[in-house]
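The values are calculated or read from the model by the stated rules, or taken from the named source; none is laboratory data. Quick caveat: nothing in here was measured; it's all calculated off a predicted structure. Reconstructed Cβ throughout: ideal geometry from the backbone, glycine too, with neighbour counts over all protein chains shown.
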Amino acid sequence: FSLIQRVTGFVSGLVCVLHDITEQQKNEREQQQFVSNVSHELRTPLTSMRAYVEALNDGAWKDPNIAPQFLGVVQEETERMIRMINDLLSLSRMDRGVAKMDLEWVNINDFVNHVLNRFDMMLKKDAEKSDNSVKKYTIKREITKQALWVEIDTDKMMQVIDNIMNNAIKYSPDGGVITVRLLQAHKHIILSISDQGLGIPRKDLNKIFDRFYRVDKARSRKQGGTGLGLAISKEIVEAHNGRIWADSAEGEGSTFYISLPFEPISEEGASWDEI
Ligand code: ADP
């Protein structure tokens, strides 16, 4: 019996070691894949910039009809690369666990309204400029009247809502309605942002939160996307012990949901735990 026990002990020990190695190999493979993705993502804008700079150098700089356009492309690509590097740096800070969470209690109703007011303000400014190239959209708010107090890092959560709102605008045709809802569901608050845009194929719904995953690479790039916005949003929401997910009907629109832990407060203003 003891022999069997010893053998069993040995075998289960071995299984454990094998498991560790597999985990380590998986991490290494992911790491290599990530480095390869970053390199490809940076090579594309660099190659395109090189082509434009070469053309300028070959004489295009003298042509007032094309030089400003070529320089514009170089500038856009540079800005997108800077955005990408900044996104990579914030992901790396979160991966290493050194991204400090600056938590404070906020009335999330006011906070969401504040973030959306900025979008309304931008719309107003764009309308004043009567620039036809800027997308027009309408924001519809369905925010519960009940004041919900949640502990969040306001800068980081603002980045999440900005990301999702900007995507809703980016991946929607002109004149779309973006509906923002805030409600309480038991021990959570749920914020949802729905658009009437392109939608996302069912098979991609989970993958869009992966680093660099894009349903349509060319479209994302053309819109100045880095493919990292949702990956960062997921890290931030999870650092708040929350969840983020998406639902969509292709061609009809998408809805992004964020749920955050919420402690219901009694009438007297004290939490149930304190009573
Ligand atoms: P990107 O910089 O490409 O927008 P994100 O991480 O923000 O990167 O989004 C990843 C991908 O998810 C996008 O490229 C797009 O394919 C898809 N996506 C995100 N939001 C929406 C949306 N509201 N409607 C349709 N597709 C979306």
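Couple of notes before you dig in:
- Asn132 being loosely packed, with under 12 Cβ neighbours inside 10 Å and either touching a Phe, Trp or Tyr at 6+ places or on another chain (Cβ under 8 Å) or over 29 Å from Phe262 (Cβ atoms) (or both): yes
- The set of residues in region 100-137 being in a loop (DSSP other than H, G, I, E, B) and modelled with pLDDT of 85 or more consists of Lys100, Met101, Asp102, Lys136.
- Hits in region 176-227 - residues which are in contact with a Lys or Arg (Cβ under 6 Å, 6 or more places away or on another chain) and under 22 Å from Glu252 (Cβ atoms): Val177, Thr179, Val180, Ser192, Phe209, Tyr213, Ser220, Gln223
- Every residue from region 192-208 that is closer than 26 Å to Ser39 by Cβ and either of a type in the set (Gly, Ala, Ser) or near the ligand (Cβ under 6 Å from one of its atoms) (or both): Ile208
- Some residue of region 29-36 being surrounded by 10 or more Cβ atoms within 10 Å (Cβ to Cβ) and in contact with a Leu (Cβ under 9 Å, 6 or more places away or on another chain): no
- Cβ-Cβ under 6 Å pairs, at least 6 apart or on other chains, region 240-262 side more than 27 Å from Met101 (Cβ to Cβ), far side within 9 Å of the ligand (Cβ to nearest atom) and among the β-branched types (Val, Ile, Thr): Asp247/Thr255; Ser248/Ile200; Ser254/Ile200
- Hits in region 123-158 (condition: within 19 Å of Glu104 (Cα to Cα), within 16 Å of the ligand (Cβ to nearest atom) and not aliphatic (A, V, I, L, M)): Lys156
Table: residues versus (1) closer than 23 Å to Phe212 by Cβ; (2) polar (S, T, N, Q).
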site: Ile21; (1), (2): no, no
site: Gln31; (1), (2): yes, yes
site: Ile66; (1), (2): no, no
site: Leu71; (1), (2): no, no
site: Glu77; (1), (2): yes, no
site: Met84; (1), (2): yes, no
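- Residues of region 209-218 classified as near the ligand (Cβ under 7 Å from one of its atoms) and closer than 17 Å to Phe34 by Cβ, total: 2
- No other residue among Ile169, Ile189, Ile161 is of a type outside the set (Ser, Thr, Tyr), touching a strand residue (DSSP E or B) at 6+ places or on another chain (Cβ under 8 Å) and within 11 Å of the ligand (Cβ to nearest atom) apart from Ile169.
Quick grid of which residues meet (1) more than 25 Å from the chain's Cα centre (by Cα); (2) among the aliphatic types (A, V, I, L, M):
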residue	(1), (2)
Val35	no, yes
Thr44	no, no
Tyr52	yes, no
Ala60	yes, yes
Val73	no, yes
Met84	no, yes
Asp102	no, no
Asp120	no, no
Thr138	no, no
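- Residues of region 163-176 that turn out to be in contact with a Gly (Cβ under 9 Å, 6 or more places away or on another chain) and either within 20 Å of Trp245 (Cα to Cα) or of a type in the set (D, E, K, R) (or both), as a count: 9
- Residue match in region 215-227 (condition: within 13 Å of the chain's Cα centre (by Cα) and either within 28 Å of Lys145 (Cα to Cα) or at pLDDT 95 or above (or both)): no
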